[in-house]
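Scroll down for the structure; my scribbles are underneath it.
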Amino acid sequence: MEKLFTEINKRNVHYGTYVEQIRDMFARKQESIVKKDDKFFSKYWQVYAWSAIIGFVNDKREIGADLPNQSSFQYQMITNGSESIAHALLLMAIGKIDAKESSDFLNSRKLLTTISEFAEGGAKHILEIRQTPGWERKFDSPDDYLIEIVRR
């Protein structure tokens, strides 16, 4: 397992247009950490992880999603930011891979692609929630995140 974590942490994270939209809505630009604004997340990896968790929890996966955007961060940044979140994402991905042998789910790129597909699905789910009448401003308030976690 240690070899797998080392290999995964060296890889860049890829994401699609839904995660990019969510990132732009809810995360500060990483260069402007000192800037005060109303964005909930201060790091891009946090939005990616949140979208993936929403995707896993709601079983929203965009299988074969186009993931043209290569992040400016490697998976190591998620591990450094929160080792428990990084490990949880990997365990959720392992649980979703249809494997006949251990080698089927010990492929670092396959695991990261699975996480990214759920991140895309989760981001799409969030966008759909915001298109629901009366919910257009969902997640504009920090309380919305806490309520979502409590409901989970």
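The values are calculated or read from the model by the stated rules, or taken from the named source; none is laboratory data. Keep in mind the model is a prediction, meaning the values are calculated, not measured. Please note: Cβ atoms are built from the backbone with ideal geometry, for glycine as well, and neighbour counts cover all protein chains shown.
Brief remarks on what is shown
- The one condition in (1) closer than 18 Å to Glu2 by Cα; (2) of a type in the set (Val, Ile, Thr); (3) touching a residue at least 24 places away in the same chain (Cβ under 8 Å) that Val57 fails to fulfil: (1)
- When Ser102 is tested against (1) over 16 Å from His14 (Cα atoms); (2) at pLDDT below 90; (3) in contact with a Leu (Cβ under 9 Å, 6 or more places away or on another chain); (4) of a type outside the set (A, V, I, L, M), only condition (3) is not met.
- Look at the stretch 6-19: where a residue is more than 15 Å from Ala119 (Cβ to Cβ) and a partner is not in a helix (DSSP H, G or I), sitting 6+ places away or on another chain with Cβ atoms under 7 Å, you get Asn9/Gln74; Lys10/Gln74.
- Qualifying residue in the stretch 87-95 (condition: of a type in the set (Val, Ile, Thr), assigned to a helix (DSSP H, G or I) and either touching a residue at least 60 places away in the same chain (Cβ under 8 Å) or touching a Gly at 6+ places or on another chain (Cβ under 6 Å) (or both)): no
- Flag if Glu117 is within 12 Å of the chain's Cα centre (by Cα) and either under 24 Å from Leu4 (Cα atoms) or of a type in the set (Ser, Thr, Tyr) (or both): yes
- Conditions (1) in contact with a strand residue (DSSP E or B) (Cβ under 6 Å, 6 or more places away or on another chain); (2) more than 16 Å from Val19 (Cα to Cα): number failed by Ser116: (2)
- Enumeration of residues in the stretch 21-78 that are farther than 23 Å from Asn9 by Cβ, at pLDDT below 90 and in a helix (DSSP H, G or I): Asp24, Met25, Phe26
- Of all residues in the stretch 103-125, none satisfies being over 25 Å from His87 (Cα atoms) and acidic (Asp, Glu).
- Pick from the stretch 79-137, criterion farther than 22 Å from Gln46 by Cβ and basic (Lys, Arg), ranking: surrounded by the most Cβ atoms within 10 Å (Cβ to Cβ): Lys110
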